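Report on one structure; see the data block that follows.
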Amino acid sequence: MTSVAAFRNVSKRYGEITAARNLNLDVASGEFLSFLGPSGCGKTTSLRMIAGFEQPSEGEVFLEGICVNDVPAYSRPVNMVFQHYALFPHLNVESNVAYGLKQRSPKPPTGEIHNRVHEMLELVQLTGYSLRQTWELSGGQQQRVALARALINKPKVLLLDEPLAALDRKLRREMQIELQNLQRNVGITFILVTHDQEEALSMSDRVCIMREGEIAQVGSPLDLYDRPRNQYVADFVGKSNFFYGVIEQVRTWKVDIRLDCGIPVVLNSSRSFNSHKNGDKICISVRPEQLVLARDESNIPEDSAIKSTARIMNRIFLGEQIEYLLCDERLGEFLALSSRHNELNEKPFETNEVVFVAWSRDATLILDDDERDKPNVS
Amino acid sequence: MRIYATVVYLFLYVPIGLIVLFSFNAGRHASELRGLSIQWYGKALSNPFAGDAFFTSLEIAFIVAILSSLMGTAAALALQSMKGPLRVILDGLIYISIMIPGIVIGIATLVALVTVFDFFNPLLATLWPEGYTPPKLHMGYASVIAAHTLFTMSLVIIIVRARIAGMDRALIEASMDLYASPWRTFYQVTLPQIYPAILAGFLLSFTFSFDDFIISFFVAGPNTTLPVYIFASIRRGITPEVNAIGTMVLAGSLSLLIVAQFFMRDGRRRAKVN
């Protein structure tokens, strides 16, 4: 087994509140994994259980195959980059970075510490900053010091607790790329906690989406986007249109569905992960970019899952693409994303224009209807 | 409004100014000014009784300051790591203890100590081997130090608590994460963060103990602290000598308070930087 960190049936309760419920996860060596979810979903608690700041109420946390439930934080071979960096204000940059090495027993010789600190500062592009005070540095520079302070100890796992949240948008983008490069260079396992889906999807090898203390789905960003296991994941990763309905009949290769609005839909059953039965309440999901919009009905593909007309309520220019908010009496409101220069070379649609809408069977996912009572956010 | 404010300030500072002024009086009486001189300072400094009382006060204040900063810091750290309603109650009790009038602390400590002495002295007498004089607990240095520490410790707790509360809790976790044991974390991270507050608490405790009259008056026993000496000598009439002693105490206390203020501000500045 090559997993460097693992959860086995881990739960964490604070009195009445369950912050994490029955987590099972293996993190492979050298992997970049993200915990993604809204605040209060248990992602930070999970990270802190790996760091050793929280003890699981049930289950076991493993590091390199050894149960570390009873190992205190200061004996675990992991290091953390804190949300607000937590640099020691009474120490300069060099002493901050050297802090971890100086706690080791036996303590490495001063010359070696000095050399390694300078190597590390070079790695994070802070050469020449060693004697600065931490509060003289900009947010981005403090972030690099925090990274250097953690990485110098060559941890088995580097834990990052929303490390980019305090940076402005442009700098955050730069640091995302830098972090990714850094991770490839040092080959250390990174576990990142974030509520920013774009950040998680763009940086990680795998993303663990969490919801109310449970793991909703773990997978590569592509996997999560193309094959969400439930409506929550489909909703969280990218934008989706959801339509609710009931399964009328499951056939060998096809599924007949009747949407609540009365429209019948026929889908390929191979696209569905879950085995469904007749009469199951389900939700079908389709990504905005997979909707086909056309002025002329003949441009709509024949084998579409749904064909309808809808009025353009609103449109937002996103540069190359335009996002349309459409409304149909039966389907309700939904989003479509189309390229400004589509194959049909049509001019962008105007607000209030009535257009033909369709999407293919392959673009439609059947999901468990686990959100029916919640408002359709996207 | 402006006149009102002026009058308030006059009431506050004119008497103090007069004491300072009259300490430089060349004449014998406190009520009439006859030219300026520093003879009373010389007289005060060469007065053996005043000198003894001064050193007694100094010694007591120093020990009180050390004890209360140690105990106060320990208590503040313990309170910080506590949770729930118990902490709220204990916090409240600390604030209340600061507002208890000195006279109440004086009487309470006196009664408590006398009760303890009455219990232990006969016990010690019976336990001691025949032929030797048994030790006898009595009022003195120790009782003044105990009473003062009781009071000043609360001050230290409040000052240090404020500093700890302003400290980023993540710093301690960061230190633990970087392999420092709890003890190393304490002296490598926590202590450097809170030492300005401890020093400020030390200096405030020193000044409070040094200046205290009421509590000392009750529990000092045969020992005379400087404020008690001044009170005693005033009964023989106010002399410029007393004014001179008062002025010196005032100067000393003020400078300590200014230094303490500096440390507290330094602490706040450091806290803000984080």
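The values are calculated or read from the model by the stated rules, or taken from the named source; none is laboratory data. These numbers come from a predicted model, not from an experiment. Note that each Cβ is placed from the backbone with ideal geometry, even for glycine, and that neighbours are counted across all protein chains shown.
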| query | Give me the pairs: first residue in the range B:107-132 and in contact (Cβ under 8 Å) with a residue 40 or more places away in the chain, second residue of a type in the set (Ser, Thr, Tyr) and part of a helix (DSSP H, G or I), beta-carbon distance under 6 Å, and six or more apart or on different chains, which are they? | reply | B:113/B:143
| message | Which residue is nearest to the other protein chains (Cβ to nearest Cβ), if the candidates are limited to the range A:89-129 and must be outside any loop (DSSP other than H, G, I, E, B) and small (Gly, Ala, Ser)? | response | A:100
| request: Give just the number: which of (1) more than 14 Å from chain B (Cβ to nearest Cβ); (2) farther than 24 Å from residue A:139 by Cα; (3) not aromatic (Phe, Trp, Tyr) does residue A:39 not satisfy? | output: (2)
| said: I want to confirm something. Restricting to the range A:229-255 and keeping residues that are hydroxyl-bearing (Ser, Thr, Tyr) and in contact with a strand residue (DSSP E or B) (Cβ under 8 Å, 6 or more places away or on another chain), which single residue is nearest to residue A:323 (Cα to Cα)? | reply: A:240
| Within the set of pairs 6 or more residues apart or between chains, which connect a residue that is under 16 Å from residue A:138 (Cβ atoms) inside the range A:163-179 to a residue that is acidic (Asp, Glu) with Cβ atoms less than 8 Å apart? | A:164/A:196; A:164/A:199; A:165/A:196; A:172/A:199
| query | residue A:142 versus (1) touching a strand residue (DSSP E or B) at 6+ places or on another chain (Cβ under 9 Å); (2) within 12 Å of chain B (Cβ to nearest Cβ): which is the lone unmet condition? | reply | (1)
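Just a yes or no: is a residue in the range A:201-209 in contact (Cβ under 8 Å) with a residue 24 or more places away in the chain, buried (at least 18 other Cβ atoms within 10 Å of the Cβ) and more than 23 Å from residue A:21 (Cβ to Cβ)?
Scanning the range A:201-209 turns up at least one residue that is in contact (Cβ under 8 Å) with a residue 24 or more places away in the chain, buried (at least 18 other Cβ atoms within 10 Å of the Cβ) and more than 23 Å from residue A:21 (Cβ to Cβ).
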| Which of the residues spanning the range B:150-175 are in contact (Cβ under 8 Å) with a residue 12 or more places away in the chain, within 11 Å of chain A (Cβ to nearest Cβ) and not small (Gly, Ala, Ser)? | B:167, B:168, B:171, B:172
| task | Would you mind telling me which numbered condition in (1) within 11 Å of chain B (Cβ to nearest Cβ); (2) farther than 28 Å from residue A:63 by Cβ; (3) touching a residue at least 24 places away in the same chain (Cβ under 8 Å) residue A:86 fails? | result | (2)
| said: With in the same structural domain as residue A:196 (by TED's automatic domain parsing), within 19 Å of the chain's Cα centre (by Cα) and surrounded by fewer than 17 Cβ atoms within 10 Å (Cβ to Cβ) as the only criterion, which of A:40, A:15, A:65 stands out? | reply: A:40
| query | What pairs come up if the first residue lies in the range A:143-154 and is on the phi > 0 side of the Ramachandran plot, the second is part of a helix (DSSP H, G or I) and modelled with pLDDT of 95 or more, and their beta carbons are under 8 Å apart, counting only those six or more places apart or on different chains? | reply | none
| said: I'd like to check something: does the range B:141-149 contain any residue that is β-branched (Val, Ile, Thr), touching a Ser or Thr at 6+ places or on another chain (Cβ under 7 Å) and either in contact (Cβ under 8 Å) with a residue 12 or more places away in the chain or more than 14 Å from every other protein chain (Cβ to nearest Cβ) (or both)? | reply: yes
| task | Taking residue A:174 as the residue in question, decide whether it is surrounded by fewer than 21 Cβ atoms within 10 Å (Cβ to Cβ) and in contact with a Cys (Cβ under 8 Å, 6 or more places away or on another chain). | result | no
| How many of the residues in the range A:53-83 are within 19 Å of residue A:152 (Cβ to Cβ) and either in a loop (DSSP other than H, G, I, E, B) or away from chain B (no Cβ under 14 Å) (or both)? | 3
